[in-house]
Amino acid sequence: MVLPLIHHPAFDAQFDAAHRFPMSKFTRLAEMLVADGLVPDGWHVPAPALASWLELAHDPRYVEAVMTQRVDAATEKAIGFKVDERVALRSRCATGGTLLAARLALDGGLACNTAGGSHHAARDGGAGFSVFNDVAVAASVLLADGDVGRVLVFDCDVHQGDGTANIFADDPLVFTLSIHGENNYPTQKARSDLDVPLPDRTVDAAYLAILPPLLERALREAKPDIVFYNAGVDPHADDRLGRLSMSDAGLAERDRRVIGFFRERGIPVAGVIGGGYSRDIEALARRHSILHRTAAEFV
Ligand SMILES: [Zn+2]
């Protein structure tokens, strides 16, 4: 069997190379996965998310503002870029991609997006390079359709999944877990169902040691029918924004333990790439591909 991988050319909104958000990583990541032989039968190409899906996790006025490129200046400032037509389409496609990954995971056990993990977007608006909270939208669609009864969001991006935590704060069906740098953005942390703040310069061994009890606890408390795994690579030592000190091998082992834990128990896992920030697009795309290469070990 081949690991289902999701990609859409619109994931890359083609920012200027000097922009602090490394947009070209999405194109380069897709090229690398093809070159590595991980996409022998072609990509699963998502449909752009419909307003009716987006409104399950976001205020309809905000959805409308993105769709018509009328997001207010304060929200665009919080997001970190202008929401033009390309950005709106990329955000809808990335969200459609995470929903498609989830549906394919429900079918075959495991699937990964080549985007997704925009976890700072809250119900009323985007923030922190996040326009739509793809995982929150996908989880909400599956719950609304009755495809799943309970969801676990296992978020290993180095920044707290504050948007996801806020969207599901009062929802007993979605368990949010965030392992993040305690001194990282956002300065004002939200309250996830389980938060694990880590000190600056945390290394592989310390990070990996906390996973087994956390995985057990998440399973026990969330009782998930599906897991959304945010495999952000910004805990890496070379990340511009990360503050932690993990290696490529450490990230691969993290992915292996998280995916392996749930797959061994027959629980579907949908992977999203989360954050990663470097001016070296080649190294960054290679680092994001750790998720897909590691996930491929389990099919
Ligand atoms: Zn991040």
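Which condition number does R86 fail, the rest of (1) assigned to a helix (DSSP H, G or I); (2) open to solvent by less than 70 Å² (accessible area, probe 1.4 Å); (3) farther than 21 Å from G232 by Cα being met?
Condition not satisfied by R86: (2).
Return yes when R61 is basic (K, R) and under 30 Å from F261 (Cα atoms) and no when it is not.
no
Suppose we filter region 64-83 for residues that are of a type in the set (G, A, S), surrounded by 14 or more Cβ atoms within 10 Å (Cβ to Cβ) and either under 18 Å from the mean Cα position of the chain (by Cα) or more than 16 Å from S130 (Cβ to Cβ) (or both); how many remain?
Narrowing region 64-83 to residues of a type in the set (G, A, S): 65, 73-74, 78, 80.
Going one step further and asking which of them are surrounded by 14 or more Cβ atoms within 10 Å (Cβ to Cβ), we end up with 65, 78, 80.
Of the ones still in play, those that are also either under 18 Å from the mean Cα position of the chain (by Cα) or more than 16 Å from S130 (Cβ to Cβ) (or both) are 80.
Result for region 64-83: 1.
A quick yes/no check of all residues on (1) under 19 Å from the mean Cα position of the chain (by Cα); (2) aromatic (F, W, Y); (3) modelled with pLDDT of 95 or more:
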site: A35; (1), (2), (3): no, no, yes
site: A47; (1), (2), (3): yes, no, yes
site: Y62; (1), (2), (3): no, yes, yes
site: R92; (1), (2), (3): yes, no, yes
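Taking region 231-266 as the region of interest, how many residues are among the hydrophobic types (A, V, I, L, M, F, W, C), free of Cβ contacts under 8 Å to residues at least 60 places away in the same chain and open to solvent by 10 Å² or more (accessible area, probe 1.4 Å)?
Residues meeting the conditions: 4.
Looking at A57, A74, can you tell me which residue is out of contact with any strand residue (DSSP E or B) (no Cβ under 8 Å at 6 or more places or on another chain) and in contact (Cβ under 8 Å) with a residue 24 or more places away in the chain?
When all the criteria are applied, what remains is A57.
Being part of a helix (DSSP H, G or I), of a type in the set (A, V, I, L, M) and in contact with a Lys or Arg (Cβ under 8 Å, 6 or more places away or on another chain) is the filter here; which residues of region 143-168 pass it?
A165, I167
Show the residue pairs that are 6+ apart or on different chains and have beta-carbon atoms under 6 Å apart, the first residue being within region 111-138 and in contact (Cβ under 8 Å) with a residue 24 or more places away in the chain, the second being within 13 Å of the ligand (Cβ to nearest atom) and among the aromatic types (F, W, Y).
Partner pairs satisfying both residue conditions: F129/F21.
Determine whether D171 is assigned to a loop (DSSP other than H, G, I, E, B), open to solvent by less than 70 Å² (accessible area, probe 1.4 Å) and modelled with pLDDT of 95 or more.
yes
Specify which of the listed residues (A115, A78) is in a helix (DSSP H, G or I) and hydrophobic (A, V, I, L, M, F, W, C).
Working: A115 fails: in a helix (DSSP H, G or I).
Just one listed residue meets the conditions, A78.
Tell me the strands (runs of 3 or more DSSP E) entirely within region 186-299 that contain at least 3 residues that are within 16 Å of the chain's Cα centre (by Cα), within 16 Å of the ligand (Cβ to nearest atom) and modelled with pLDDT of 95 or more. Steps first, answer last, please.
Details: elements: 194-198, 226-230, 269-272.
Correct list: 226-230.
Being part of a helix (DSSP H, G or I), surrounded by fewer than 24 Cβ atoms within 10 Å (Cβ to Cβ) and either at pLDDT 95 or above or in contact with a strand residue (DSSP E or B) (Cβ under 7 Å, 6 or more places away or on another chain) (or both) is the requirement here; does L99 meet it? Spell out how you get there, then give the answer.
Numbers: part of a helix (DSSP H, G or I): yes; surrounded by fewer than 24 Cβ atoms within 10 Å (Cβ to Cβ): no; either at pLDDT 95 or above or in contact with a strand residue (DSSP E or B) (Cβ under 7 Å, 6 or more places away or on another chain) (or both): yes.
Criteria not met by L99.
The values are calculated or read from the model by the stated rules, or taken from the named source; none is laboratory data. If you're wondering where the values come from, they're calculated on a predicted model, not measured in any experiment. When we count neighbours, we look across all protein chains shown, and the Cβ atoms used for this are built from the backbone with ideal geometry, even at glycine. Protein only, heavy atoms only, side chains kept; ligands, DNA and RNA dropped before computing areas. Shrake-Rupley method; radii C 1.70, N 1.55, O 1.52, S 1.80 Å.
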